[in-house]
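Notes to accompany the following structure.
Every read-out reported here was derived from the displayed coordinates using simple, explicitly stated rules and does not represent laboratory data. Just so you know, these numbers come straight off a predicted model, no measurement behind them. Quick reminder, even Gly has a Cβ in these numbers, built from the backbone with ideal geometry, and neighbours come from all protein chains shown.
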Amino acid sequence: MLQHISVKYTVLIFMALCCLFLILLPSCVNNSQKIKSPSVERGVIDLREWSFEKNGSVSLNGEWEFYHGLLKPDDLIRPEIRGIRKYVKVPGMWKDLTLEGGVIPARGENTYRLEIISIAGEKIKNLSIYCIYSAYRIWINGILADEKGMPDATSQAGNNYVFIHNKKFLSFTPVDGVNEIVLQVSNYDYKSGGIYRPLELENKEVTEHNGYIKHTIDMIIVGLLLFFAIYNLLFYFFRRQNTPAFYTGLFCLTLAINIFNLNIRILSGPLSYPENPYLLDYLTVILLVLFVFMTVRSLFPDDFFQPVYYSNIVVSAIIIPMLFFMNFRKAEQLMQFYFILMVIFILYNGYVFLKAIYNRRDDAILLSIGFVSLFTGGINDTLYALWIIETVNIVQYTMVVFCITTTIFVARRYSMEMKKLSNELVEKNISLGKLDRFKDELLANTSHELRTPLHGIIGLSESMLAGTSGRLTPVAMENLLLIASSGHRLSGMVNDLLDMAKMQDEELSLNLRSLDLKVLCESVIKLSLPLTGDKPVEIINSIPQNFPPVHADENRIRQVLHNLIGNAVKFTSKGKIEISASAFPPADEANDKDMVEVRVADTGIGVPEYYRESIFEAYSQIDSGDARSYSGTGLGLAIAKKIIELHGGRISVAPGDECGSVFKFTLPAGPEQNECSSLGTVTESMYEPGGNISAVQFSSISGDYRTEGFDGNPVILAVDDDPINIMVLRNCLESKNCIIKTAADGISALEMIENDRSIELVLLDIMMPVITGYEVCRRIRLKYMPEELPVIMLTAKNMMSDIDAAFEAGANDYIVKPFHISELLARTAAMLKLKKVRKSPAKGISINSRGTICLFTFIDIIYITSSAKNIIIHTADADTELPVMMKDIVHRLPPDIFVRIHKSYIINTGYIRSVDHVISGRYRIRLRDEDDTALPIGPAFLESLRKKIHQ
C-alpha cells in the first residue's frame, strides 16, 4: 500500500515540476533573447546607440509625458501646455497610477507624449500597438497614423469602436534627431483606461518576417489539427462506441477554426457580423472548453461527477445563443463571466485527471501530459495578461499538444481493446478447441456405449438366425432378421455421427484396394432387402459379371451404397431400385486413370430441382418438419459426398427417366487383379492402420468353417466385462466347434493365459475395469510373439487413434462392434491359420501391414531389402513391399536360415550361389534365383558371413 501511494506522489510531483518548467520556459526564452534595452526617462528615449539589427526590438517602457484632456501635437508646443505636463509609467492602467499624490480617474480622456531620439538613415520602423482597451488616436511626427473610435469630451459622442486583440503595426521612417509620438486615449466604458501592454519599436522587415513565420506555423498547426479531426471523426464513424474519438475530433476541428480565424477572419465580407466581429472567437472558446469536458468525461466516466458535466452543457447552451443577439460590449462582459466558469471547469478537469491517476486508470498519465501542457498554457497566458510575467501567448499551441496526446490515447486504447479482444478470441478458440475435442471424445464414448448393447442385439439375433438356439419358425426368423437389420441401421447412424466429426477434423481416411463392385453391391443389397418390408419394391443389381474392379476403400464404398440404397428404399413406395455401372476414359490429360460411374436409380418421389445441390449438405433433408414422413439424421449424403471426393470422384443427383431420381458417383478404376486376394502378397502401401478386412478376403484360408466349423476344436479365450458380449461370442464360436473360455477382466485373462497353454486365440475387449485391453495385449506380447498367440481386439471404439493404439500394443487384428458373424468367423479363421503356420514344419513369418496380415514361409524368402521406411521381401513368385522397417523384423528371422550381409540386405543362406571378390577389400554375393541376383557385402558383415558359410 505504501509503495502504491509513493508511486502516485512521485507522479504528481513530476507533473508539478513539468508544469512549473513550462510556465517559466517562455519567460526564460523571452528574456534570454534580449539584452537590456534603453528606457524612457521623462518622456525621452535615446536610441542612437541601439542596433535594431543586433539587439532586436525596443519596448517603449518608462516615464511618458502625461496630460489631462485630449491634446493634439500642435497643442503640445504651447508653453502653457508644456508647463502642466506630468510623467506616468507606461504600460499601466490609470486606476493603478498616482499623479502628484492623487489617483488618475479611471474614466475620461488623457494624452501621452514620447520623444524618440535617433540618427539619420534608420530603416523603416514598425510601432506595435497591443491591448489599448479604450478608444485612441495616435500621431507620429505630427502625422495621424491610426485611430480607433472618436475620443471626445463625453462618452455619448465617442467610443463607438471594437477592441482589437491582435497587434497593430504602424510604419514610419525615423528622422534625424527627435521623433514625436502623441497618443490620445479616451475611456468611458471599462473600469480603467490606459496603455495595458508596452508599445514596441522594431525594423519593419523584421516584423514582417516574424509575422510570416508565425502565420506559417499557425497554418501548419491548422493543417495538423484538421488531420487529427478527420482521423478521429472517421475513427468514430467506423466505430460508433468510441465516443472519445468523436469529441477529440470536434475539439481539433474547433481549435483549427479558432487559430485560422485569428490569422484570417472567417466572418468577413458577406459573412461579417458587424455587431460583434469576435463572435466566432467567443463561440470557439466556449466549444473548446465543452469538448475538453466531454472528452475527459468519456475517457474517465467513473471518475467524473455527472452534475458538473451537465452544468457545463447547460451553461454553454445558454451563453452561445445569447452571443448572437449581443453587441461587442455586452458580449465581452458576458465572456468575462464565462472566463470565471471556464477556470472552474478546467480546474475540475485537473481534479479528474489526478483522480484517474490515483485510481490507476489505463494511460491516465499519458493523457495527463497533454492536459498539463494545456493547463500550463492557460496559466502562462493568464499571468501574462495580468502582467505578472513577461512571456508570450502559448495556450493555442498547448492545445495542440493536448490534441496529439488525446489522439494517441484514443488510438492506444483502441489498440489495447483490439489486443484484448484478440486475446479473448484466442482463449475462446482454445476453449472451442477443447470443447471440440470433448465433443469428439463424447461422441466416441457415447458411440461405444451405444455399440455395446447394439452388439448384443445384433450378435444374439444373428446367432439365433444361424441356428445356435435350435430350429426357429419362419415368423420368428423374420422378426429376428428385422431386429438384426434395425440394429445395423442404428449402428450406421452412430457411424455417421462419428464420420461427420472426422470430416470436420479432416481425419477421414481411406483403405484403398481393388474391389469387385458387383460382389460388393450384392452384399449391400442382401442387407438392404429387409428394409423394403411389405412394399412392392425390387432391388436389382445390373452390374455385369466381369465388370472391371475399382480402386477404393471397401468399407467406405459399402457405406456409400448403404446410404444411397437405403435412401432409395425409404423414398420409394413401389417399383424398383436399380444399381448399374459403366466405365469411361479420363476426362482430361492431367488425370490418366480410367473412371467408373455407378448409378443408383429409383422410382420414388424424386428430388426437387431447387434441392439437388443442398441435399448433399450436412443435416439437410427434403422433408425436415416435425410431421415429416421419412426419418433420418440428414448426414448420409453429406458423408457419401465427402467419401467420393476423397476417392477423387464426384457425386450428383438427376431426375429419373420417368420418375424418381438417379444418384451418380464416380470412382477410379483398379487393376484387373486384386492384389490382396491371397495371403501371399500385400497391397502397395495404400492401407491405413486399422483397415477392416472383409469376409471375402479370408475366403481362401477359412475352409468350410461356415457349415462344418473349425478343425481341431481350437481353444479361444474371450475377454469382456459385458456378459451379453460374452454370450454373443460363445453362441457364434461354440457352434463352429470352438472351445470358448471367458474372463471378465484383464487380470483374470492374464492368469488364464499363464496357466493354460492350450489357448490358441484371444478375443480381447479394450474398455475393461482394472486394466485396459491395451495393457493386457502389451503384457501378452512380453511372452508371446504375434504368430504364437494371436490377439484380436473387439471394441466399439473406431477412432483412428484407438486403432493405432491397438496395433502398437501388439494386436494382430481389430474388429469394431457391432460386427457381422461372418466377419468374426473370417478373422478368427485367419488367426487360427496363422497359429497353424507357426506350428507347421514350414515355418514362416507374419507381418501386419496396416491392418492386413501377410504370411511368408521362410523357405520361400530369397532375400529382403530395405528402402527408406519400407522393406521388400523377394520370393520366387513376387516382390512384396511392406511399410515396416528392417529393424522391426530382423530379430524374428531364424539365424540358422538368414544372415545379414549389408545394412540394407538380409539373405536366405539356402540361396547362396557364390561369393566373389570384386576389388581390394570388397566382395559380392550371388544368389540362386531367376534374376541371378548380385548383392554387395558390407565390410562390417563380412566376418559373420564367413562363419555362416563355414558352418
Chain lengthening between Ala466 and Asp657 when straightened (0.36 nm per residue, less Cα-Cα): 64.6 nm
Inter-label distance for Arg265 and Asn423, nm, one decimal - labels placed 7 Å from Cα along Cα-to-Cβ: 5.7
Spatial separation of Cα centroids for the range 228-299 and the range 757-787, in angstrom: 84
Other-chain or far-sequence residues with amide H under 5 Å of Arg650's (modelled H): Thr666
Chain lengthening between Phe339 and Arg928 when straightened (0.36 nm per residue, less Cα-Cα): 200.6 nm
Gain in span if fully extended, Tyr310 to Lys887, counting 0.36 nm per residue against the direct Cα distance: 199.3 nm
Mean Cβ neighbour count within 10 Å, used as a protection proxy, ranking 741-751, 540-550, 212-222 highest first: 741-751, 540-550, 212-222
Residue-by-residue Karplus 3J(HN,Hα) for the range 659-670, coefficients 6.51, -1.76, 1.60, Hz, glycine and proline x: 7, x, 8, 10, 9, 10, 9, 10, 9, x, 6, x
Modelled label reach - Arg778, point 7 Å along Cα→Cβ, the range 752-771 residues with backbone N closer than 17 Å: 765-771
Cβ-Cβ FRET estimate between Ile318 and Glu617, R0 fixed at 56 Å, reported to 0.05: 0.30
For the range 213-257, alpha-carbon Rg over 2.2 N^0.38 Å: 1.25
Euclidean distance of C-alpha centroids, the range 515-591 and the range 175-198, integer Å: 113
Spatial separation of Cα centroids for the range 322-342 and the range 75-104, in angstrom: 33
Interchain or long-range residues, amide H under 5 Å from Gly62's placed H: Val40, Val90
Where labels lie 7 Å past Cα in the beta-carbon direction, separation of Ser431 and Lys576 in nm: 5.9
26 Å Cα-Cα reach of Lys903 towards lysines, excluding residues that sit fewer than 8 places from it in its own chain: Lys843, Lys869, Lys887, Lys947, Lys948
³J(HN,Hα), Karplus 6.51/-1.76/1.60, whole Hz, each residue of the range 227-241, x for Gly, Pro: 4, 5, 5, 5, 4, 5, 5, 5, 4, 5, 4, 8, 9, 5, 6
The range 774-830 shape via C-alpha gyration tensor axes, a/c threshold 1.5: oblate
Cα-Cα pairs of the range 843-951 separated by more than 24 Å (percent): 22
Tensor-based shape of the range 234-330 (alpha-carbon gyration tensor, a/c under 1.5 rounded, otherwise prolate or oblate): oblate
Karplus 3J(HN,Hα) series, Hz, for the range 280-295 with 6.51 cos²θ - 1.76 cosθ + 1.60 (x for Gly, Pro): 5, 4, 5, 4, 5, 4, 4, 5, 4, 4, 5, 6, 4, 4, 5, 5
25 Å Cα-Cα reach of Lys204 towards lysines, excluding residues that sit fewer than 8 places from it in its own chain: Lys34, Lys36, Lys54, Lys123, Lys125, Lys148, Lys167, Lys168, Lys214
Order of Tyr905, Tyr310, Tyr814 - criterion: other Cβ atoms within 10 Å of each residue's Cβ, fewest first: Tyr310, Tyr905, Tyr814
Where labels lie 7 Å past Cα in the beta-carbon direction, separation of Ser914 and Lys89 in nm: 13.1
Size of the range 220-420 as Cα extents on the principal axes (Å, biggest first): 55, 36, 34
